[in-house]
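**Q** Got a structure for you, questions after.
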Amino acid sequence: MVMRLSLIAIVTLTALSLSGCSTLYYNAMEKLGKEKRDILVSRIKDAREDQEEAKEQFVSALDQFQAVIGYDGGNLEKQYRKLNGEYEDCESRAKRVRDRIESIENVAGALFKEWENELDQYQNASLRQSSEQSLRETKRRYNDMIAAMQRASDKMDPVLRAFHDQVLFLKHNLNAQAVASLEGELALIEDDVAVLIADMEQSIAEAESFLADMEGRS
């Protein structure tokens, strides 16, 4: 009976989360002992992991593109399928990162709104001032982190477009001449991926710094 109730609770919370009923979801989680602050920390950790995986996937796709450019003879159809698979994996990873960022912004907005509203509940002016200062600092650190995440996310788009163009071109031109014609694009893609990786690493570092600060306040 207890297991069944727990399962129902999990299904209900998942449905609320996925349906966008944020207020109901946060209220339900609070009743289970999980505050918005805890949810924010958990989502940032998930986003950090997804960014790591996305970074690795984009590097893998670049490696495959380089392999196709350097391919000499053999089954080009097979090489195309590999490259297309890498592109689709990049697209999937990019979507996960964007979804994570959106979920972080959602709970952060709810958390900061609640924090601001609760400042008026203080009777002790000194404690209120201290809490307000902590709120300002937390929001500042959060804004730095989410801005870094957004920059990295935006840098994925030109790389995805470049990968898609190459995959589409190869799909309709599976011959050595077509492969050779793509070689001029390789340096540009390598530069875009290098910028993307640098921004993603900065974003991950910002997330780790923010998490350390949040966990240090607990």
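The values are calculated or read from the model by the stated rules, or taken from the named source; none is laboratory data. The model shown is predicted, which means the values in this text are computed figures rather than measured ones. Virtual Cβ from ideal backbone geometry, glycine too; neighbours counted across all protein chains shown.
**Q** Which members of the range 49-92 meet the condition of being among the aromatic types (Phe, Trp, Tyr) and either under 19 Å from Ala178 (Cα atoms) or touching a His at 6+ places or on another chain (Cβ under 6 Å) (or both)?
**A** Phe65, Tyr71, Tyr80, Tyr87 - these are the residues of the range 49-92 that are among the aromatic types (Phe, Trp, Tyr) and either under 19 Å from Ala178 (Cα atoms) or touching a His at 6+ places or on another chain (Cβ under 6 Å) (or both).
**Q** Going through the range 66-104 one residue at a time, which ones are assigned to a helix (DSSP H, G or I) and among the polar types (S, T, N, Q)?
**A** Selection gives Gln66, Gln79, Asn84, Ser92, Ser103.
**Q** Regarding the range 68-76, can at least one residue be identified that is surrounded by 17 or more Cβ atoms within 10 Å (Cβ to Cβ), over 30 Å from Ala152 (Cα atoms), at pLDDT below 90 and out of contact with any Phe, Trp or Tyr (no Cβ under 6 Å at 6 or more places or on another chain)?
**A** Yes, there is a match, as at least one residue in the range 68-76 is surrounded by 17 or more Cβ atoms within 10 Å (Cβ to Cβ), over 30 Å from Ala152 (Cα atoms), at pLDDT below 90 and out of contact with any Phe, Trp or Tyr (no Cβ under 6 Å at 6 or more places or on another chain).
**Q** Being assigned by TED's automatic domain parsing to the domain that holds Asp213, part of a helix (DSSP H, G or I) and surrounded by fewer than 19 Cβ atoms within 10 Å (Cβ to Cβ) narrows it down to one of Asp50, Asp63, so name that one.
**A** Asp63
**Q** A further question follows. Return the pair list, or none, for Cβ contacts closer than 6 Å from residues in the range 194-218 that are within 15 Å of Gln150 (Cβ to Cβ) to residues that are surrounded by 12 or more Cβ atoms within 10 Å (Cβ to Cβ) and β-branched (Val, Ile, Thr), at least 6 apart or on different chains.
**A** From residues that are within 15 Å of Gln150 (Cβ to Cβ), the pairs are Leu196/Val159; Ala207/Ile44.
**Q** Looking at the range 77-120, which of the residues that are under 21 Å from Asp165 (Cβ atoms) and touching a Phe, Trp or Tyr at 6+ places or on another chain (Cβ under 7 Å) is surrounded by the fewest Cβ atoms within 10 Å (Cβ to Cβ)?
**A** The qualifying residue surrounded by the fewest Cβ atoms within 10 Å (Cβ to Cβ) is Gln79.
**Q** Next question, about the same structure. Mind counting the residues in the range 23-53 that are touching a Ser or Thr at 6+ places or on another chain (Cβ under 9 Å) and closer than 18 Å to Ala194 by Cα?
**A** Residues meeting the conditions: 1.
**Q** Which is outside any helix (DSSP H, G or I), of a type outside the set (Ser, Thr, Tyr) and either over 24 Å from the mean Cα position of the chain (by Cα) or surrounded by 15 or more Cβ atoms within 10 Å (Cβ to Cβ) (or both), of Gln166, Gln123, Gln133?
**A** Criteria check complete, one pass: Gln123.
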